[in-house]
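Peer 1: Pasting a structure below so you can have a look.
Here, each number is a calculation from the coordinates, and none is a lab measurement. Just so it is clear, the model here is predicted, and its values are computed rather than measured. Because the Cβ atoms are built from the backbone with ideal geometry, glycine has one as well, and the counts that use them run over all protein chains shown.
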Amino acid sequence: GARLYGALQDAYQDLRQTHQTVMQQERLRALGQMASGIAHDINNALSPAALYVQSMQTRETGLSARAREHLGVIQQAIEDVARTVQRMRAFYMPRVSELTLTPVDMNQVLLHVIDLTRARWSNIPQERGVVVHVESDLAPDLPKILGAENEVRDAFTNLLLNAVDALPDGGVIHLRTRVDARDERVVVEVQDNGVGMSETTRSRCLEPFFTTKGERGTGLGLPMVFGMVQRHGGDLEIESELGKRTTMRLTFPRAPTGVTGEQP
Ligand code: ADP
Ligand code: MG
């Protein structure tokens, strides 16, 4: 009994740590996206200012000493802002180089995600008498997609944790993969029979910082998932019925044949 209790404590510690890491990653990713957008806008606004200051300094020979001095101050200010933007870019850049595309087996990713999150839906909830079942229905011979495996894994971790959050009284989460019969794209579904979303929530759930979980939520999970889907040339469909179920359906182009020739 004591050993079991110890193991449970350990699992709980692990879980808390994983949860904190995920929250931190979500925040960082969203900040990165925001930083990149802001940096772009500031640079666009700054470049004419820099250009005109320089042109006045070199071409306007009749300027008073005082006007020159003021121009110098303006130029310094512009350079300071440019340096700040540079630092913001540096914060954002690492993620771009991280995005190396390799053939990714979605079935394997899902099995990995199930393992990574087990503490969240297995040990701990059962302690409260709540049971969450995770069932996988994975297509054999699923074609690979071309993707950044860590991004894809983070995204599905988020979707699975959202599904767990939607099951405060327990329930079933289905993970499914298949190939679309019409366009041969790879389809991955995460479905739960949980609390569902109201129409308002469904329409706003992709907005950064939108959450219905109060202090416990960041509202950054789904924006991150959506960003991942977009970077992979995929689609995200959200179906939800309040009080019944939610289905998140992600569709990806399959990797071109030849790229995945190394299949077992
Ligand atoms: P967070 O989980 O931090 O609240 P997300 O971006 O992951 O942020 O989700 C935003 C909101 O979308 C959630 O607060 C919740 O209202 C809704 N949502 C997401 N997934 C589900 C789901 N599987 N079932 C019901 N609601 C969901
Ligand atoms: Mg979430």
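Peer 1: Helix 221-231 versus the longest principal axis of the chain: what is the Cα-based angle in degrees, 0 to 90, to the nearest 10?
Peer 2: In the chain, helix 221-231 runs at an angle near 70 degrees to the longest axis.
Peer 1: While we're here: Output the direction-averaged projected area (hull surface divided by four) of the convex hull of the alpha-carbon atoms of the chain, in nm². Working shown, then result.
Peer 2: Numbers: hull surface 84.7 nm².
Quarter of the Cα hull surface area: 21.2 nm².
Peer 1: Out of 253, 223, 48, any idea which swings most in a Gaussian network model of the chain, alpha carbons joined below 10 Å?
Peer 2: 48
Peer 1: With only Lys, Arg, Asp and Glu charged, each at its Cβ (+1 for the first two, -1 for the last two), find how big the charge dipole of segment 129-171 is about the Cα centre; round to the nearest 20 debye. If you can, show how the numbers build up before the last one.
Peer 2: On the way: 2 positive and 8 negative charges, 15 e Å.
Once rounded to the nearest 20, the dipole reads 80 debye.
Peer 1: Using a cut-off of 14 Å between beta-carbons, work out the net charge of the residues near residue 77 (Lys and Arg +1, Asp and Glu -1, residue 77 not included). Before the final figure, lay out the partial values.
Peer 2: On the way: positive: 83; negative: 69, 79, 80.
Overall, the nearby charge balance is -2.
Peer 1: Quick check: the angle from helix 149-165's long axis to the longest principal axis of the chain, C-alpha only, nearest 10 degrees?
Peer 2: Between helix and principal axis, roughly 60 degrees.
Peer 1: Give me the net charge of residue 162's neighbourhood, meaning all other residues with Cβ under 10 Å from the Cβ of residue 162; Lys, Arg count +1, Asp, Glu -1. Walk me through the numbers on the way to the answer.
Peer 2: On the way: positive: 213; negative: 165, 192.
It works out to a net charge of -1.
Peer 1: Rounding to the nearest 20 debye, state how big the charge dipole of the chain is about its Cα centre with +1 on each Lys and Arg Cβ and -1 on each Asp and Glu Cβ. List each step's numbers first, then the result.
Peer 2: Numbers: 29 positive and 33 negative charges, 135 e Å.
Here the chain has a charge dipole of around 660 debye.
Peer 1: I want to verify a result. In a Gaussian network model of the chain, Cα cutoff 10 Å, which of these has the top mean-square fluctuation: 58, 100, 246?
Peer 2: Highest fluctuation among the options: 58.
Peer 1: Can you give the direction-averaged projected area of the convex hull of the alpha-carbon atoms in segment 1-51, in nm²? Provide the component values of the computation, followed by the final result.
Peer 2: Details: hull surface 14.7 nm².
With every direction weighted equally, the projected area is 3.7 nm².
Peer 1: Using a 10 angstrom cutoff on alpha carbons, build the Gaussian network for the chain and name the most mobile of 225, 73, 172.
Peer 2: Per the Cα network of the chain with a 10 Å cutoff, 73 tops the list.
Peer 1: Kirkwood Rh over Cα pairs of segment 111-264 into Stokes-Einstein at 4 °C, 1.567 mPa s: D in µm²/s? Each step should come with its number before you reach the end.
Peer 2: On the way: Rh = 16.3 Å.
Calculated translational D: 80 µm²/s.
Peer 1: Taking 8 Å as the Cα distance limit and 6 or more residues as the minimum spacing, I'd like the relative contact order of the chain as a percentage. It would help to have the intermediate numbers written out before the result.
Peer 2: Details: 358 pairs, mean separation 46.5, N = 264.
Normalised by residue count, the contact order of the chain is 18 percent.
Peer 1: Sticking with this one: Taking the 0 to 90 degree range and rounding to the nearest ten, how far is the long axis of helix 106-121 tilted relative to the main principal axis of the chain, both from C-alpha atoms?
Peer 2: Orientation of helix 106-121: about 80 degrees from the principal axis.
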